Amino acid sequence: MMRMNPSNSAPLGLVAPFLLMAPLGLLAAGLLLATSDASSLAGINAPRNVAAAHAAIIGGLTTAIMGAIYQLGPAVLGGRLVSQRLARIQFGFHAVSVPAFVWALLEWNVMWMSVAALGVVTSLVLFLINAVAAVGMRRPNSVTRAYLSAALVMLVITASLGVTWVSTLEHLWFPVTLGRLSGHAHMGLLGWLGLTMMGVSYQLVPMFNVVQKREPRLAWAALASTCGSALVGGLVLMSDPGREVRLSVAAAMAVGPALWSIDMLRLLLARSRRTLDVQGKATFLSLGFLAATIVLGLVVAVGEPLQDGDHSARWQLAYGICGIGGWAGIMWVGNSYKILPFLVWYHRYRFLAGRGRVPMINDIYDDRLATAVLWCYAGGVALLAAGAGLADLTVLRVGAGLLAGAVAAHLGTLGHILFAPHAAAAVAQPLGRGALR
Amino acid sequence: MTTEEVAEVLRGVYDPELAIDIVSLGLVYGIETMDGEVAVTITTTSPACPMGDALYGMTEAVLHYAFPLAKVDLELTHSPQWTVEMAERAALEELGLVRR
């Protein structure tokens, strides 16, 4: 098991902006879907759907992962940042270019798509320079490092595919078909987001839930399966294959996450910390949404018999919502209530602990409020997916509104964690025996 | 300065993540006192625990505060690796492993 050294980690001021910007991306996605019209159900490639997906993935989850890798890479994996200044510049590019890119997609403004995509690509390149060193890709393997290394490779492939399209809306001399979009989307969702979440959870779930008597058994099999299916399956999907091939790809893509789920369940059931906090609850919820995603993926792969003319994208939309908003989004919401309080405690109170009264990590955030945010978020995602699947725009909009409200509350709680003076009056009090806390 | 006194002082050091003191958690592997010197060996709940250096710093600071004239020899080890069976009943109750 990796030994952690948080003293190597990036400063709070570098990481926190990424963690605070991430909910804004999810909020934008929620608001975009809350104002959906019939076109959202008619085609998965409707501008609003494409804009919402990129707001959630690049603006929300990828931004959060960037901050987390800057923090966890040096602290957990023994890597280092090439340059903190580079990371700050990268945040600037990201914060400006991602909203512009999402707006350009929504307006389907090809010229601005190209301009904004240039900024997004610059941000990704700057991120990769630091991330490769932070993850320590050349060091001896650990499970988490192997997952993150593979995820970074998939990020490069996914972004490269995307960037070849934005300037001409063609893929070299081929038109961008639904199959090509599907390949790009699956490489991004399964290859980049999926591998990152799976790898990080192999580190965080045993640690936060005090799991000792069980080791993950399927981590390497899940990694190999996920890498292979995301890459090969993604390429196959780009050829717009028939139903049988689509079903085979969907089944192959389900294997890796399913193996990972078994590992997570085994670990969680063996935990010594029996009382589940928000992160534990989020992990269970996220696994539930993963199961729904796998089922919907198979439904989508079946294709035409399950589609009706005016709502041909409904199952695809429900599938994407469950995968991006449910599996990945819920995992992020839960872990954010561990990562940010830990960072605040470590950077603000570590040197005061033992010399005066300091808050515990649980004092830095309100677990009941965080749990309420989590349930509202999960409820929003569930309604949103149900609305899409049932082709009911009202339910879809209500779900998206609930999701947006939950994400706004999530942002508020993260801001409170970061900026509120937790037990500040107690910090300066003199130490008494047995009264450190 | 006795081992009992040192243990009592160390009950004031909390694992910040679990909010349970390190003596109740069984994270204190050994306490030795002799001739104005105190030697303490501690561990963490996992080798991957991100709070290892923070726990070390807290324990050291508390010992220096409580016994300002003593020479403090503090060691952080992961051998043997901590298991939950090392925790006291109060900690097990807090973790939810046994009923209160």
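Among the residues of segment B:17-63, those that are acidic (Asp, Glu), over 9 Å from the mean Cα position of the chain (by Cα) and outside any loop (DSSP other than H, G, I, E, B) comprise B:Glu32, B:Glu37, B:Asp53, B:Glu60. Restricting segment A:105-145 to residues that are closer than 23 Å to A:Cys227 by Cβ and of a type in the set (D, E, K, R) leaves a set whose member that is surrounded by the most Cβ atoms within 10 Å (Cβ to Cβ) is A:Arg145. A:Ala258 fulfils the conditions (1) farther than 17 Å from A:Ile294 by Cα; (2) within 22 Å of the chain's Cα centre (by Cα); (3) surrounded by fewer than 20 Cβ atoms within 10 Å (Cβ to Cβ) except for a single criterion, (1). For A:Phe127, are the conditions met, namely being at pLDDT 90 or above, under 18 Å from A:Ser160 (Cβ atoms) and assigned to a helix (DSSP H, G or I)? Spelling it out, A:Phe127 is indeed at pLDDT 90 or above, under 18 Å from A:Ser160 (Cβ atoms) and assigned to a helix (DSSP H, G or I).
Hey, could you check segment A:195-228 for residues that are farther than 21 Å from A:Thr158 by Cα, away from chain B (no Cβ under 14 Å) and touching a residue at least 60 places away in the same chain (Cβ under 8 Å) and say which is nearest to the chain's Cα centre (by Cα)?
Step one: of segment A:195-228, the residues farther than 21 Å from A:Thr158 by Cα are A:201-221.
Checking the rest, the ones that are also away from chain B (no Cβ under 14 Å) come to A:217-221.
Those left that are additionally touching a residue at least 60 places away in the same chain (Cβ under 8 Å): A:219-220.
On the way: A:Ala219: 19, A:Trp220: 21 Å.
Across segment A:195-228, the extreme among qualifying residues is A:Ala219.
Taken as a whole, segment B:64-72 holds at least one residue that is within 8 Å of chain A (Cβ to nearest Cβ), out of contact with any Leu (no Cβ under 6 Å at 6 or more places or on another chain), small (Gly, Ala, Ser) and part of a helix (DSSP H, G or I).
Applying the set (1) in contact with an Asp or Glu (Cβ under 6 Å, 6 or more places away or on another chain); (2) within 24 Å of A:Gln279 (Cα to Cα) to B:Ala39 leaves exactly one unmet item: (2).
Here A:Val98 meets the list (1) part of a helix (DSSP H, G or I); (2) under 17 Å from A:Ser142 (Cα atoms) almost entirely, failing just condition (2).
Quick one: in segment B:84-96, which of the residues that are part of a loop (DSSP other than H, G, I, E, B) and under 14 Å from the mean Cα position of the chain (by Cα) is nearest to the other protein chains (Cβ to nearest Cβ)? Full working, then the answer.
Of segment B:84-96, the ones part of a loop (DSSP other than H, G, I, E, B) are B:87-88, B:96.
So of that shortlist, the ones also under 14 Å from the mean Cα position of the chain (by Cα) come out as B:87-88.
Working: B:Ala87: 9, B:Glu88: 14 Å.
By that ranking, first place goes to B:Ala87.
Evaluation of A:Leu231 against the conditions (1) in contact (Cβ under 8 Å) with a residue 60 or more places away in the chain; (2) in contact with a Phe, Trp or Tyr (Cβ under 6 Å, 6 or more places away or on another chain) shows that the sole unmet condition is (2).
Inclusion of A:Gly183 among residues that are more than 14 Å from every other protein chain (Cβ to nearest Cβ) and small (Gly, Ala, Ser) is warranted. Is it true that A:Leu402 is of a type in the set (A, V, I, L, M), at pLDDT below 95 and under 23 Å from A:Thr35 (Cβ atoms)? When the stated conditions are applied, A:Leu402 does not pass them. Counted as qualifying within segment A:270-376 are the helices (runs of 4 or more DSSP H) with 2 or more residues that are away from chain B (no Cβ under 12 Å), touching a residue at least 12 places away in the same chain (Cβ under 8 Å) and over 23 Å from the mean Cα position of the chain (by Cα), namely A:278-302.
When you check A:Thr63 against the structure, is it out of contact with any strand residue (DSSP E or B) (no Cβ under 7 Å at 6 or more places or on another chain) and at pLDDT 95 or above, yes or no? So that I can check it myself, show each step before the final result.
Working: out of contact with any strand residue (DSSP E or B) (no Cβ under 7 Å at 6 or more places or on another chain): yes; at pLDDT 95 or above: yes.
Criteria met by A:Thr63.
Reported count of residues in segment A:377-404, each being touching a Gly at 6+ places or on another chain (Cβ under 6 Å), of a type in the set (A, V, I, L, M, F, W, C) and in contact (Cβ under 8 Å) with a residue 60 or more places away in the chain, is 6. Give the residue, chosen from B:Gly12, B:Gly36, that is over 29 Å from A:Leu77 (Cβ atoms), more than 7 Å from chain A (Cβ to nearest Cβ) and at pLDDT below 90. Every option except B:Gly36 fails the conditions.
Say we look at segment B:42-63 and pick out the residues that are within 16 Å of A:Ala353 (Cα to Cα) and surrounded by fewer than 21 Cβ atoms within 10 Å (Cβ to Cβ); which of these is farthest from the other protein chains (Cβ to nearest Cβ)? Looking at residues that are within 16 Å of A:Ala353 (Cα to Cα) and surrounded by fewer than 21 Cβ atoms within 10 Å (Cβ to Cβ), I get B:Tyr56.
Just for segment B:64-77: of the residues that are in contact (Cβ under 8 Å) with a residue 40 or more places away in the chain and surrounded by fewer than 17 Cβ atoms within 10 Å (Cβ to Cβ), which one is nearest to A:Val210 (Cα to Cα)? Walk me through it before giving the result.
Applying the first criterion (in contact (Cβ under 8 Å) with a residue 40 or more places away in the chain) to segment B:64-77 yields B:66-67, B:70, B:77.
If we keep only those that are surrounded by fewer than 17 Cβ atoms within 10 Å (Cβ to Cβ) as well, we get B:70, B:77.
Numbers: B:Ala70: 34, B:Thr77: 18 Å.
The residue in question is B:Thr77.
Listed here are the helices (runs of 4 or more DSSP H) enclosed by segment A:186-242 that have at least 1 residues being touching a helix residue (DSSP H, G or I) at 6+ places or on another chain (Cβ under 7 Å) and at pLDDT below 90: A:195-208. Considering only segment A:13-56, how many residues are charged (D, E, K, R) and over 24 Å from A:Gly179 (Cβ atoms)? Count: 1.
The values are calculated or read from the model by the stated rules, or taken from the named source; none is laboratory data. Small disclaimer: the values here were computed from a predicted structure and weren't measured. Counting neighbours? That spans all protein chains shown, and the Cβs are built from the backbone with ideal geometry, glycine included.
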